[in-house]
Amino acid sequence: MTASVSPGVATTRSGAPLPLVSLPQGELLTVNIDQIPLFKDLVAPGIHIQTLRLDPERGEWVFLSTLAPGVELPVHYHTGSAQVWTIQGRWLYHEYPDQPQTAGSYLYEPGGSVHTFYTPEDNTEDTVALAWIEGAQVSFNEDGTFHSVMDAVTLQHLTETAAAAQGTGPVGYIHGGAAGVITS
């Protein structure tokens, strides 16, 4: 079921009317990581992603990442905020060596934050982290030249391409506006 595209009357479970809702949802997106495919090496070698929610219209991307020891991303900045909850393992930014992110850590980064992500080579387990990112991640090479952009649209393309190649089928998303919840 997709969202209704016109305003309508919403009610409580007992039938009492509520104020007019501009875009009522026909359903909510519920995902269980046991039912979302893990796409190995989706972004780079050693970076495995389970895409939980993508909203390209709002520029939001939420994913669970499993990161092998010794993984490193290029220096990058975020055009919007990023929030990361570390569930297992350890990771750091080269620019903030005194702020290691370990199991149970929550990190908030304001837009414009510049850093170089890595998981230490001496990690004895994979690192698992949940990330909610708004906007784009713009990456650069060591010489300062442009490397790449990662955003909700890019991750949607990578996820859908990997799902088709692996035969795992479509992954559910929330698309903005009238598109609503996509489940098939």
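The values are calculated or read from the model by the stated rules, or taken from the named source; none is laboratory data. Not measured: the values here are computed from a predicted model. Glycine also receives a Cβ, built like all others from the backbone with ideal geometry; neighbour counts cover every protein chain displayed. Each accessible area value is taken on the protein alone, full model and side chains, heavy atoms only, with ligands, DNA and RNA left out. Shrake-Rupley method; radii C 1.70, N 1.55, O 1.52, S 1.80 Å.
Got a number for residues in the range 103-129 being of a type in the set (Val, Ile, Thr) and in a loop (DSSP other than H, G, I, E, B)?
Qualifying residue count, the range 103-129: 3.
Listed here are the residues, each with its yes/no results for (1) open to solvent by 20 Å² or more (accessible area, probe 1.4 Å); (2) under 19 Å from residue 152 (Cβ atoms).
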position	(1), (2)
53	yes, yes
66	yes, no
70	yes, no
74	yes, no
83	yes, yes
91	no, no
99	yes, no
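Matching residues to (1) of a type in the set (Gly, Ala, Ser); (2) at pLDDT below 95; (3) not in a loop (DSSP other than H, G, I, E, B):
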site	(1), (2), (3)
131	yes, no, yes
138	no, no, yes
153	no, yes, yes
165	yes, yes, yes
170	no, yes, no
174	no, yes, yes
184	yes, yes, no
Some residue of the range 103-126 being under 12 Å from the mean Cα position of the chain (by Cα) and either open to solvent by 60 Å² or more (accessible area, probe 1.4 Å) or modelled with pLDDT of 95 or more (or both): no
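Being surrounded by 15 or more Cβ atoms within 10 Å (Cβ to Cβ) and without any contact (Cβ under 8 Å) to a residue 40 or more places away in the chain narrows it down to one residue among 145, 154, 159; which is it?
Exactly one residue qualifies, and that residue is 154.
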